[in-house]
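The values are calculated or read from the model by the stated rules, or taken from the named source; none is laboratory data. Quantities reported herein were computed from a predicted structural model and do not represent experimental measurements. Quick reminder, even Gly has a Cβ in these numbers, built from the backbone with ideal geometry, and neighbours come from all protein chains shown.
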Amino acid sequence: MNFKMIIRTLGTLLRLEAVCMLPSLLVSAIYGQGEDLKAFILSILMLAVASTFALLAKPKSTDIYSRDGFALVGIGWLLLSFFGCLPYFFSGVAPNMFDALFEAISGFSTTGASILTDVESVPKGLVFWRAFTNWMGGMGVLVLMIAVLPSVKANNIHIMQAESPGPFVDKFVPRIGQVAKILYLIYLSFTVIITILLMAGGMPLYDALVHAFGTVSTGGFSSKNLSVGEFNSFYIELVIVLGMLACGVNMSLYQLILRKKAKVVLHDEELKLYLAIVLGAVLMIGINLAVVGVSTPQGSLRNALFQVASVVTTTGFSTQDFNLWPEFSKGVLIALMFIGGSAGSTSGGIKVMRILVLAKTIRKDIGKILHPTAVNDARLNGKPMEDSVVAGIHSFFFLYIFILAISILIVSLDGHDLETAFAASASAIGNIGPALGVAGPMGNFSTFSNLSKATLSICMLLGRIEIYPALMLVTPRFWKRSNL
């Protein structure tokens, strides 16, 4: 492993985080509401000092190997979360370090869970920062570093492989730096478009930016206690729904559209399944809400569409307290929490791609049992799937469920009902945010114990960086010197 290059790259990452705090510092200065301005200044100074020391490392080689990429992602996200929590702690908005870390990790992992009981009373600079951490974490902070800093040695795909949200990484241009730039240009374009559309619906610039950050990152942090429901506008809801669904799609598909390969996109099996899941869930919940009389048929479909889009993309915005919905509708939402969005999107969850591959391998295995001599290869988009990819997906699924089970047991020690413990854990590892029970859309995580907050914070990080980079950090064999 190239330890000095890892340290130096982490220094660059921390310096980038300091730069990313400047817009929030500016918002704090404009509104001048409290201690947030001093908190940002102190946090930026600490980042500057830490990054300067890290940048003193002089590596003999600037090559980044596979292990280095995983180490950078695992350690990088821990450092980003630690320094990112300092504004909450220094300002006093978070009463202790556990709460500050929970809020920061929730932001960077695009989970959107919160310990804040009254968001509207929090200084606007800090609310802007928590929304901006959503935006930073959506596409990946290290990918952002590769995109904006040409001096970073990024002539390989190892960093992107480790941070990419999904089982596949599409390398659609020769240099990974160009890949990162294309992804962020698409990401930034969505942000600008959604901001403009929200402002056209009467939303002030500040609120439009906060909700645009939460939409494109599928993070879901809002500037309002009632989330999107505060605005009571079908137009605003529709803009955000379309934005969430669009950002739940594999970002590489938009690059194919730009390259005039729309036919390839239309035949993408993951995209078809993703849209089918959304449509099916909307119809099931909409009909269920209408039948039990929660609202009119039109209102039921409107509420179902927004909440399905929010949960399947793991955004976490809300317009209704779905805690009060029928059990069937809540069950559908729980299922969507596990599925999540597409691979290569900003969404969390297991991912539609993995669900699709698991379904195809089950079908293949059944075919082998029924017809042992027949050739029955599992194919995805017309291409046979590699055994190593399928095995990796099976392992990921097992680890995902195992970690979820451990989290449920620990959170249940708080004395919460099983629905709360289960939904909170599923929400954390799936990066959804609002759950059910105490942690529902009209609640928060402030009443959870420090042990539960720490457990859920770990789940949020594991869900965002997809488990393996974090597990490798605690594997002794991983740290042996080897250029792999």
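Overview of results
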read-out: Residue match in the range 404-421 (condition: touching a helix residue (DSSP H, G or I) at 6+ places or on another chain (Cβ under 9 Å), free of Cβ contacts under 8 Å to residues at least 24 places away in the same chain and acidic (Asp, Glu)); value: yes
read-out: Filtered residues of the range 201-236 (kept if in contact (Cβ under 8 Å) with a residue 12 or more places away in the chain, among the aliphatic types (A, V, I, L, M) and part of a helix (DSSP H, G or I)); value: 208, 209, 210, 212, 216, 228, 236
read-out: From 37, 45, residue being free of Cβ contacts under 8 Å to residues at least 24 places away in the same chain and farther than 23 Å from residue 109 by Cβ; value: 45
read-out: Residue within the range 411-424 that is closer than 30 Å to residue 5 by Cβ, among the aromatic types (Phe, Trp, Tyr) and surrounded by 14 or more Cβ atoms within 10 Å (Cβ to Cβ) present; value: no
read-out: Restricting the range 428-448 to residues that are part of a helix (DSSP H, G or I) and under 14 Å from residue 102 (Cβ atoms), the residue that is modelled with the lowest pLDDT; value: 439
read-out: Residue tally, condition free of Cβ contacts under 8 Å to residues at least 24 places away in the same chain and either surrounded by 19 or more Cβ atoms within 10 Å (Cβ to Cβ) or not acidic (Asp, Glu) (or both), over the range 325-334; value: 1
read-out: Given (1) in contact (Cβ under 8 Å) with a residue 12 or more places away in the chain; (2) among the aliphatic types (A, V, I, L, M); (3) closer than 24 Å to residue 440 by Cα; (4) not in a loop (DSSP other than H, G, I, E, B), number of the condition residue 271 does not satisfy; value: (3)
read-out: Helices (runs of 4 or more DSSP H) enclosed by the range 284-390 - at least 3 residues per element that are over 25 Å from the mean Cα position of the chain (by Cα); value: 297-312, 352-370
read-out: Some residue of the range 96-109 being outside any helix (DSSP H, G or I), modelled with pLDDT of 90 or more and under 18 Å from the mean Cα position of the chain (by Cα); value: yes
read-out: Number of the condition not met by residue 332 [criteria: (1) touching a helix residue (DSSP H, G or I) at 6+ places or on another chain (Cβ under 7 Å); (2) closer than 23 Å to residue 397 by Cα; (3) modelled with pLDDT under 95]; value: (3)
read-out: The range 1-22 residues that are under 12 Å from residue 52 (Cβ atoms), paired with ones that are of a type in the set (Phe, Trp, Tyr) and part of a helix (DSSP H, G or I) (beta carbon under 8 Å, 6 or more apart); value: 11/53; 14/83
read-out: Test: residue in the range 44-60 that is closer than 18 Å to residue 122 by Cβ and part of a helix (DSSP H, G or I); value: no
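So that you can scan it fast, the table gives a plain yes or no per residue for (1) closer than 23 Å to residue 307 by Cα; (2) surrounded by 24 or more Cβ atoms within 10 Å (Cβ to Cβ); (3) under 17 Å from the mean Cα position of the chain (by Cα); (4) free of Cβ contacts under 8 Å to residues at least 40 places away in the same chain:
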{"residue": "400", "(1), (2), (3), (4)": "no, no, yes, no"}
{"residue": "428", "(1), (2), (3), (4)": "yes, yes, yes, no"}
{"residue": "434", "(1), (2), (3), (4)": "yes, yes, yes, no"}
{"residue": "437", "(1), (2), (3), (4)": "yes, no, no, no"}
